[in-house]
Ligand code: CTP
């Protein structure tokens, strides 16, 4: 399959030296890209700024902001059979970016924020037969939040990720997730390495039903 994967955080500038972002390390998305390539898939990895090297044999696209990530996903979506949005897109950005470094003495009395584009929601109408997989990063009511995202973002699978624990979620090499399918199926996975979580997500994607569904989504040959 041709798989488009996003990873890492986005950064939204406040001024030339400061930004808003989040704790995403990119490890989960990079693990997905690494395992997918090893299994013979054709992978494009769109990544926000992280301290990781792109895995070998991956087409790599570096972005910084949510707008840039949206533009890159739009650009490569038509060539893929499945989209896995593992990126932690920053949800807000300053309404105005200061051209100059804001001086400490001036300070911020108020930082006005506006929402960034929701990439999955914007691309929902272009999904066609492609398989869309999203992540739900939650610190409370994990399954409720994940089910809402599954429906609102038109996903086939959501990876519910409790990011409130130290051994799972942001920055660490392990993760504890639950896979929720649009059809109602639920798979609770134990704590495992992000490479193993990636393998389980790809097992799900490679199931014959999904392969049939995504087959030809990009208007061409599909084969793992
Ligand atoms: N996502 C996206 N565009 C955004 C924010 C998130 O496409 N602007 C994607 C993420 O890559 C992920 C899914 O949507 O696959 C859920 O992201 P998450 O951060 O868990 O949720 P939010 O949509 O930001 O909602 P909330 O802030 O209410 O948790």
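Where a number appears in this text, it was derived from the coordinates with a stated rule and is not lab data. Predicted model only: the values in this text are computed from it and were never measured. Every residue, glycine among them, receives a Cβ derived from its backbone with ideal geometry; neighbour counts consider all protein chains shown.
Between residue 193 and residue 118, the simple label model (points 7 Å from Cα in the Cβ direction) yields a spacing of 3.6 nm.
Using 0.36 nm per residue, how much length does the chain from residue 111 to residue 182 gain when fully extended, once their Cα-Cα distance is taken away?
21.8 nm
Only helices enter the 222 nm calculation for the chain: every DSSP H run of n ≥ 4 contributes -39,500 (n - 2.57), and dividing by all residues gives -8000 deg cm²/dmol, rounded to 500.
Across the range 1-49, C-alpha contacts under 8 Å between residues 6 or more apart give a mean separation that, scaled by the residue count, equals a relative contact order of 54 percent. In the chain, the longest principal axis of the Cα atoms and the axis of helix 66-77 are about 20 degrees apart.
Largest mean-square fluctuation among 74, 101, 196, in a Gaussian network model of the chain whose springs join Cα atoms under 10 Å apart, belongs to 101.
Rounded to the nearest 10 degrees, the inclination of helix 142-152 to the longest alpha-carbon principal axis of the chain is 80 degrees. The packing ranking, built from the mean of other Cβ atoms within 10 Å per residue, places the peptides 1-13, 61-73 in the order 1-13, 61-73, highest first.
Among 102, 133, sorting on how many other beta-carbon atoms sit within 10 Å of each Cβ, with the fewest leading, yields 102, 133.
Assuming a ≥ b ≥ c are the square roots of the Cα gyration tensor eigenvalues, decide whether the range 64-155 counts as rounded (a/c under 1.5), prolate (otherwise, with a/b larger than b/c) or oblate.
Oblate is the answer for the range 64-155, as a/c is 1.5 or above yet b/c matches or exceeds a/b.
Ordering 27, 121 from the fewest to the most neighbouring beta carbons within 10 Å gives 121, 27. Remark on the chain: hydrodynamic radius 17.9 angstrom, per the Kirkwood mean of 1/r across alpha carbon pairs. Approximating the spin labels as points 7 Å out from Cα along Cα→Cβ, the residue 79-to-residue 126 distance works out to 1.4 nm.
In the chain, the longest principal axis of the Cα atoms and the axis of helix 27-38 are about 30 degrees apart. Across the range 35-164, the mean sequence separation of Cα contacts (distance under 8 Å, 6 or more residues apart), normalised by length, yields a relative contact order of 19 percent. Working ranking of peptides 34-45, 145-156, 76-87 by packing, defined as the average number of other Cβ atoms within 10 Å per residue, highest first, is 76-87, 34-45, 145-156. Taking a spot 7 Å from the Cα of residue 91 along the direction of its beta carbon, which residues of the range 151-174 have an amide N less than 19 Å from it? From the range 151-174, the list is 151-155, 158-165, 169-171.
Taking other Cβ atoms within 10 Å as a rough exposure proxy, 132, 60 sort from fewest to most as 60, 132. Pairs of alpha-carbon atoms within less than 8 angstrom and 6+ residues apart define the contacts here; what relative contact order does the chain have, in percent? With pairs under 8 Å counted, the relative contact order is 21 percent.
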